[in-house]
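Worksheet: one structure, shown below.
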Amino acid sequence: MTAYLRPQAGDPAEPGTPTSVDVTVDGRPVAAHAGQTVAAVLLANGRDTWRTTRVNERPRGIFCGIGACQDCLVTLNGLPDIRACQRTITSGDTITTQTGATLPTTPTSPTVSSPVRARVVEVVVVGAGPAGVAAALAAADAGAQVLVVDSGRAVGGQYNRQLPTEFAAQRPDRLQHEWKAFAEQRDRLADHPRITYLPDTSVWAIEGLRLWAQTGPADASGRQPFAIDARSVVLAAGAYDRVLPFPGWDLPGVYTAGAAQALAKGQRIAVGRKVLVAGTGPFLLPVAESLVGVGAHVVALLEANTLTTVRKGWSTDALVASSKLREAVGYGALLARHRIPLRHGWTVIAAHGADHVEAATIARLDSDWRPIRGSERRIEVDAICVGFGFTANLELAVSAGCTLTTGPDGGPAVAVDANQQTSTSGVFAAGELTGIGGAALSTAEGTLAGTTAAHHALTTPADHARATDARGDVERGRRFAVALARAYPVRDGWKSWSTADTLVCRCEEVTRGQVEAAAQERGLDDGRAMKLTSRAGLGMCQGRVCSRTVAALLAAPGEVPKPTMKRPIAVPVRLRDLANAEESPETVLDTMEEQ
């Protein structure tokens, strides 16, 4: 176990002393503080695994860090399948190691309230990251009543993740780039008379312009499902890390780059003392910065693309490249100051260890990302952070009937028109859903989507001046997205990193060999058919981690993979809560009645 809580002394955020909270882990009292997640408590107390897999009883703990992968499930107060990375502790919590599939030790009866009847919400924004916040402000400024529904405890999303208020940080700005601009947006959203913000709320399904949601602690029992009827919906659900499989990637101690940053920025947890960061894309740089900020030693940052590829990609748009020059220089200075080697054309191809990462094998790659024989090196590390771009959260968009397209990076994305409207009337999309392009593009798309969604809901003429300005920002942002994809492509040679015995599906522990055998024996090339045949993607995460990988393995050379994105239930919801829910066509939030 190597993850640890950064000491308060010397922390650049200058956190205060959070209130102590009484918590037990497997029957023993442990140190815990208000504002910590269950995962943070476990990691800070020497636990990096707390459940085993259903098939082979392999140890699991944190992997994605944002609630997508389901690796970190734990039993809390007798209730199983609680995502430790999403649940904030409360006094008296009893945390228990979860072995495989577990049933509640004590049956719990959820408290079901009567349906609330209220008026239709004019604009509903799903997600409170850069795109969602911008959309909410733009829609409210255009005169609409806006409801922001977000699964987080505070606005910001993954990009502007904040420390818990319980940490009482004196200098939270030291953990964020462009903090002043974000803080102004955050405060304006909180004070806006036409915006209602609903945190700790998950939208688990969408039917036309009706959204089904639940509010309360993540994965708790008794979260009352309720409906939100909207005149316009802006989907701004963001994305999660894309990880490519290699031998040992399922070992505890291998994290997504996003998980490492989320734990560092949001909980002040360092995932290891000697950490290797590998993958492709500029996101690896702020991840390394976050790790340094919590006291980790980053032994190397491996960029899979060569420096020539990166330069050629950025040079396709000189205006875009020059706009990022200052930021690149700043990160370069950071790496030099902390003596972190940046190696282009290298990656990690294997992780080693018994029950935890102890070492990694890295190798130099050719132009197609195939390891160059003889270049392999083994280095001692206790944590590996990997990220090869992102995959959009498309469940709600697919359920809403939105047409999908291919984003600049080759991944699936929502198709939108010049107003950010999808193929479904009244449903707009912004941010990473429409193609991976960074925070600036997300903000621009959010502003445009919010503006046009408000006019759609109010049936008023569009504000052409505001929309024109926003479209200009979107155009510039999309130029950046195209250059980004060209500078950091994912080459097909990654398939050579794995063997027939390498796991592809973490949940069901399906290997690459099993996937390929099923495809060959039955002639399958469809992700859904593969799921039913091989069980790849049939586990708790429903293919969020593996479906894109499986699709790529099944695709013919040069063919664009088509991962299975259809998941009618977008996030976990307990069947008991659905069974006890009282459905009403007028069920909406009463919090909107006062506005």
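The values are calculated or read from the model by the stated rules, or taken from the named source; none is laboratory data. None of these values were measured; they are calculated from a predicted model. Don't worry about glycine lacking a Cβ; one is built from the backbone with ideal geometry, like all the others, and counts go over all protein chains shown. Note: accessible area is taken over every heavy atom of the protein model, side chains too, but ligands, DNA and RNA are not part of it. Shrake-Rupley method; radii C 1.70, N 1.55, O 1.52, S 1.80 Å.
For the range 215-231, the criterion of a residue being closer than 26 Å to LEU79 by Cβ, within 20 Å of the chain's Cα centre (by Cα), assigned to a strand (DSSP E or B) and at pLDDT below 95 is satisfied by at least one position. Is it the case that LYS324 is under 29 Å from GLY152 (Cβ atoms) and either out of contact with any His (no Cβ under 8 Å at 6 or more places or on another chain) or in contact (Cβ under 8 Å) with a residue 12 or more places away in the chain (or both)? The answer is yes for LYS324.
Please work out if LYS566 is open to solvent by 20 Å² or more (accessible area, probe 1.4 Å), within 25 Å of ALA351 (Cα to Cα) and out of contact with any strand residue (DSSP E or B) (no Cβ under 7 Å at 6 or more places or on another chain). When the stated conditions are applied, LYS566 does not pass them. The strands (runs of 3 or more DSSP E) located wholly in the range 23-86 that include 1 or more residues which are under 30 Å from SER547 (Cβ atoms) occupy 73-76, 79-83. For beta carbons closer than 8 Å, sequence separation of 6+ or different chains, a first residue in the range 159-177 that is free of Cβ contacts under 8 Å to residues at least 12 places away in the same chain and a second that is surrounded by fewer than 19 Cβ atoms within 10 Å (Cβ to Cβ), the qualifying pairs are ASP173/TRP179; ASP173/LYS180; ASP173/ALA183. Looking only at residues of the range 127-157 that are out of contact with any Gly (no Cβ under 7 Å at 6 or more places or on another chain) and part of a strand (DSSP E or B), we find that the one that is surrounded by the fewest Cβ atoms within 10 Å (Cβ to Cβ) is VAL149. Restricting attention to the range 382-414 and to residues that are outside any strand (DSSP E or B) and among the aliphatic types (A, V, I, L, M), the residue that is surrounded by the most Cβ atoms within 10 Å (Cβ to Cβ) turns out to be ALA397. Within the range 84-100, the set of residues being modelled with pLDDT under 95 and open to solvent by less than 30 Å² (accessible area, probe 1.4 Å) comprises GLN98, GLY100. Of the numbered criteria (1) part of a helix (DSSP H, G or I); (2) open to solvent by 20 Å² or more (accessible area, probe 1.4 Å), the one MET530 fails is (2). Does THR2 satisfy being in contact (Cβ under 8 Å) with a residue 24 or more places away in the chain, hydroxyl-bearing (Ser, Thr, Tyr) and within 19 Å of LEU73 (Cα to Cα)? Judged against the criteria, THR2 is not a match. Candidates are the residues of the range 204-214 that are aliphatic (A, V, I, L, M) and surrounded by fewer than 24 Cβ atoms within 10 Å (Cβ to Cβ); the one that is nearest to the chain's Cα centre (by Cα) is ALA205. Just the residues that are closer than 21 Å to ARG242 by Cα and assigned to a loop (DSSP other than H, G, I, E, B), please, taken from the range 367-381. Those that are closer than 21 Å to ARG242 by Cα and assigned to a loop (DSSP other than H, G, I, E, B): SER367, ASP368, TRP369, ARG370. On inspection, PRO80 fails the criterion of being more than 23 Å from the chain's Cα centre (by Cα) and either open to solvent by 10 Å² or more (accessible area, probe 1.4 Å) or modelled with pLDDT under 95 (or both).
Per-residue answers, yes or no, for (1) open to solvent by 20 Å² or more (accessible area, probe 1.4 Å); (2) at positive phi; (3) of a type in the set (D, E, K, R):
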site	(1), (2), (3)
GLN170	yes, no, no
GLU184	yes, no, yes
THR201	no, no, no
ALA227	no, no, no
VAL243	no, no, no
THR256	no, no, no
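The condition (being more than 26 Å from ARG479 (Cβ to Cβ) and among the β-branched types (Val, Ile, Thr)) is satisfied by just one residue among VAL287, VAL275: VAL275. One residue alone among ARG471, ARG476, ARG491 is more than 23 Å from the chain's Cα centre (by Cα), open to solvent by 50 Å² or more (accessible area, probe 1.4 Å) and farther than 22 Å from GLU178 by Cβ, and that residue is ARG471.
Only one of the numbered conditions (1) surrounded by fewer than 19 Cβ atoms within 10 Å (Cβ to Cβ); (2) in contact (Cβ under 8 Å) with a residue 24 or more places away in the chain is violated by ARG28, and that is (2).
Just a yes or no: is a residue in the range 8-18 open to solvent by 70 Å² or more (accessible area, probe 1.4 Å), under 30 Å from ALA536 (Cβ atoms) and not assigned by the TED database to the domain that holds LYS265? No, there is no match, as no residue in the range 8-18 is open to solvent by 70 Å² or more (accessible area, probe 1.4 Å), under 30 Å from ALA536 (Cβ atoms) and not assigned by the TED database to the domain that holds LYS265.
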